[in-house]
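For reference, the structure discussed in these notes is given below.
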Amino acid sequence: MSVTELDLDGDSAASRTTEDPLVEIARQLLAEIGEDPNRDGLRDTPARFARWWREFINYDPGSLGTLFESIGTSQLVVVSDIQVWSLCEHHLLPFNCSVTIAYRPTGQLLGLSKFARVAHQYAHRLQVQERLVDQIALEISTLSGTPDVAVIAKGEHLCMSMRGIKAAAQMTSTAYRGEFSTDSGLRAELFDLLRA
């Protein structure tokens, strides 16, 4: 039987070693779909299920605070094809996205890893893609100090391709902040860079 260190209600003083409640939930789920949670292939599945959920939801992006001095231009910086996985909050099924983040630095430059860290930070929760791009854009704007941020995500949602209509499709969502929301020339420059 698996044991997991749980932090009860965020109070480290109340932490104790106990079986993760997700283990029993997984056992119940297996029984409800007609499986025997005690058979050889499934015996350790409830503990794996619990560990995966905890790992996914408790994702730590690491430091988001490192900034570098800007080189003094208003050039466009684009980081593309950041691959993230998230979970549809409506069906608890995964979706994956390729995320592009663009910004025009003012006084501070973000380190390259920060873009992926921010994208993963917001992807590792129950989500909808439209909210995901908006949260990433707001965080990049806050960290960099610039209002000029664009986020584009293209994703495939298993809640559509595995259930319901059972058709694979790409969903694209965008969040434009600052001049990206008003300057069509700036958006055109971004699109040209993405096509190059």
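The values are calculated or read from the model by the stated rules, or taken from the named source; none is laboratory data. None of the values given here were measured: they were computed from a predicted structure. With ideal geometry, Cβ positions are generated from the backbone for all residues, glycine too; neighbour counts draw on all protein chains shown.
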(1) in the same structural domain as residue 149 (by TED's automatic domain parsing); (2) at pLDDT 95 or above; (3) outside any strand (DSSP E or B); (4) surrounded by 12 or more Cβ atoms within 10 Å (Cβ to Cβ) all hold for residue 113 apart from (2)
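Residue by residue, here is whether (1) at pLDDT below 95; (2) β-branched (Val, Ile, Thr); (3) more than 19 Å from residue 183 (Cα to Cα) holds:
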| site | (1), (2), (3) |
| --- | --- |
| 128 | no, yes, yes |
| 131 | no, no, yes |
| 136 | no, yes, yes |
| 139 | no, no, yes |
| 143 | yes, no, yes |
| 148 | no, no, no |
| 153 | no, no, yes |
| 165 | yes, yes, yes |
Among (1) among the small types (Gly, Ala, Ser); (2) touching a residue at least 12 places away in the same chain (Cβ under 8 Å); (3) more than 25 Å from residue 108 (Cα to Cα), residue 164 falls short only on (2)
Note: among 92, 126, just one is at positive phi and of a type in the set (A, V, I, L, M), namely 92
hydroxyl-bearing (Ser, Thr, Tyr) and in contact (Cβ under 8 Å) with a residue 12 or more places away in the chain: does that describe residue 142?
no
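Let's see how each residue does on (1) under 14 Å from residue 64 (Cβ atoms); (2) surrounded by fewer than 18 Cβ atoms within 10 Å (Cβ to Cβ); (3) among the small types (Gly, Ala, Ser); (4) touching a residue at least 12 places away in the same chain (Cβ under 8 Å):
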residue: 99; (1), (2), (3), (4): no, no, no, yes
residue: 104; (1), (2), (3), (4): no, no, no, yes
residue: 117; (1), (2), (3), (4): yes, no, no, yes
residue: 125; (1), (2), (3), (4): no, yes, no, yes
residue: 152; (1), (2), (3), (4): no, no, no, yes
residue: 168; (1), (2), (3), (4): no, yes, yes, yes
residue: 182; (1), (2), (3), (4): no, yes, no, no
residue: 188; (1), (2), (3), (4): no, yes, yes, no
For this session: Check whether at least one residue in segment 54-65 is touching a strand residue (DSSP E or B) at 6+ places or on another chain (Cβ under 8 Å) and hydroxyl-bearing (Ser, Thr, Tyr), and report yes or no.
Result: no
- Query: Could you say whether any residue in segment 49-61 is in a loop (DSSP other than H, G, I, E, B), in contact with a helix residue (DSSP H, G or I) (Cβ under 8 Å, 6 or more places away or on another chain), surrounded by fewer than 16 Cβ atoms within 10 Å (Cβ to Cβ) and among the acidic types (Asp, Glu)?
  - Reply: no
